[in-house]
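Notes follow once the structure below has been shown.
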Amino acid sequence: MRYLPLYLLLLLPWSLNAQTVIDLIREMPTYASCNYHIYPDTITAQQTPPPAGKRPFYISHYGRHGSRYINNRTGFDTPYLMMLQADSVNELTPIGERVLQEIRLIMADTEGRWGELTSYGREQHRMIARRMVQNFPEVFCKGATVKAVSTIVPRCMGSMGAAVMELLQAEPTMQVTMEVTKRNQWYMNHQDRQLRKNYMTPEARKAYDAYIASRMGNSRLMEQIFKNPDIVKEIVDEEYFSYYLMKMGIFQHNTHLRQNTFLRELFHIEDLYRMWQVDNALWYIQHGACKLNGGRQPYSQRHLLRRLIADADSCLQLPQPGAQLRYGHDTVLLPLVCLIGINGYDLATDNLDELEAKGWWCSSVFPMGSNLQFVFYRSGPQDTDVLLKVLLNEQEATLPIATDCAPYYHWSDFRSYCLAKLDAYDSTR
């Protein structure tokens, strides 16, 4: 193992967050919606040149599907049904009537499209694939082999298809295969029932309820929409109404209705910020190394990490392996990032107030279209000192491993670190 600058690397993830969450929400309101956040239209991150003589030759990738419609009616029905009931007793202000009109428009547009990939989502993956070719032409060269795998969910299949079509337009001679089968679900979209069942322990519930107590509700919004807020509180739950109406307004940025910002503009930046805090804490409890539930939730993706390592071991034996691209979900990508410890997301704490200050910001990990790229480098097929660089959403990332060539790491060190971590977990089960 290489020990030179480890203490500096451990500090780096927090120093990178020069902007505050509030700053990011001002610039990109969708940042407040965590997993509904939108992948950036442009990526300007610079790539650090590799050590002398090293060239990229293999990419191992896992990506979330692109922008989609909301999965089901529940989130939209919550404010919609409350508004209908208030309207039935003539309790809507003119602004409230406009809100109901907008909700009806959104509901009509989404009906029959629940969970489907949007045109915006296809474009995201098309552009990600284009940049992969531009950044790593040595990997996506003439005759290169590319294997793409998707979960059985249509939005993931569509994302894969959009990316593959772009790759073939860039280099038609590549040998590209696509695979969609239930046989891959065990590692492509494993949802550990036992871990999921136990994430909200009594300790976690107590801490979470205390954390969100001052962050829910919006009396100002109630006064804008309802004529007599005190009266309608009998039929409208202020906390749920405000929360889900914000979600509805922001979610539309993933669809062709993204230019219609009326609902989102009902909310102040501080409202959006509080919603982000509520969601970020819940995502941490569900998928982070939260001490309140034993810190084991990231291990839901232990099968995927072992598969990534096994696939890499196999491909490294080839003279020109190409790329393996995998298309799945946010509930896989986030815990995988936490399990590996990319950019400090293996943070372990029992204090939810620490998350923001220490840079555990889930919106930066898994927006629609988010992706992990493990890029491998060597000087040639006989080179045994293989290097690895990790890109999180196309930006160079740090690992909790010592290195003498950051942002590059020695594959042997990464492999040993991950397998030791996985073996330690398996031995306790």
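What accessible area per residue, rounded to a whole number of Å², is obtained for the range 169-294 using a probe radius of 1.4 Å? Working shown, then result.
Working: 6410 Å² over 126 residues.
Heavy-atom SASA per residue in the range 169-294 reads 51 Å².
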Options Pro172, Asn189, Ile231, ranked by Cα towards positive dipole end of the range 162-266, top entry (Cβ charges): Asn189
Accessible surface of the chain, 1.4 Å probe, proportion on carbon and sulfur as whole %: 51 percent
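What whole-number value in cubic angstrom gives the convex hull volume per residue for the C-alpha atoms of the range 77-152?
Numbers: hull volume 10.5 nm³, N = 76.
So the per-residue hull volume is 138 Å³.
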Amide proton proximity set for Val149, modelled H, under 5 Å, gap of 5+: Glu179, Leu325, Arg326, Tyr327
Helix axis angle, 269-287 relative to the chain longest principal axis, alpha carbon, degrees: 50 degrees
Peptide ranges 323-335, 289-301, 102-114 listed from the most packed, as the mean C-beta count within 10 angstrom indicates: 323-335, 289-301, 102-114
0 to 90° range, to nearest 10: angle between helix 202-212 axis and the chain longest Cα axis: 60 degrees
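For Ser416 and His303, compute 0.36 nm times the residue count separating them, minus their Cα-Cα distance, and round to one decimal in nm. Show your work: numbers first, answer last.
Working: separation 113, 0.36 × 113 = 40.68 nm, distance 1.59 nm.
Extending this stretch completely gives an extra 39.1 nm.
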Kirkwood estimate for the range 200-276, i.e. one over the average of 1/r between Cα atoms, Å: 13.9 Å
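Sort the following peptides by mean Cβ neighbour count (other Cβ atoms within 10 Å, averaged over residues), highest first: 171-179, 271-279. Walk me through the intermediate numbers first.
Numbers: 171-179: 13.7, 271-279: 21.2.
Highest to lowest by the protection proxy: 271-279, 171-179.
Mind checking the range 211-256 for GluC sites (Glu not before Pro) that DSSP puts in a loop (not H, G, I, E or B) and that have at most 16 other Cβ atoms within 10 Å?
Values: sites: Glu223, Glu234, Glu238, Glu239; in loops: Glu234.
Passing sites in the range 211-256 are Glu234.
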C-alpha long axis of helix 74-88 to longest principal axis of the chain, angle in °: 10 degrees
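Go ahead and run the numbers for FRET between Glu97 and Tyr425, Cβ-Cβ distance against an R0 of 45 Å, rounding to 0.05. List each step's numbers first, then the result.
Details: r = 55 Å, r/R0 = 1.22.
E between Glu97 and Tyr425, to the nearest 0.05, is 0.25.
If I take R0 = 25 Å and measure r between the Cβ atoms of Leu84 and Arg215 in this structure, what FRET efficiency does the formula 1/(1 + (r/R0)^6) give, to the nearest 0.05?
Numbers: r = 27 Å, r/R0 = 1.08.
The computed FRET efficiency comes out at 0.40.
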Two-site FRET efficiency, Ile22 against Ser314, from Cβ-Cβ distance with R₀ of 41 Å, rounded to 0.05: 0.35
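The values are calculated or read from the model by the stated rules, or taken from the named source; none is laboratory data. In this text the structure is predicted, and so the values were computed from the model without any measurement. Every residue, glycine among them, receives a Cβ derived from its backbone with ideal geometry; neighbour counts consider all protein chains shown. What goes into the accessible areas is simple: the full protein's heavy atoms, side chains included, and nothing from ligands, DNA or RNA. Shrake-Rupley method; radii C 1.70, N 1.55, O 1.52, S 1.80 Å.
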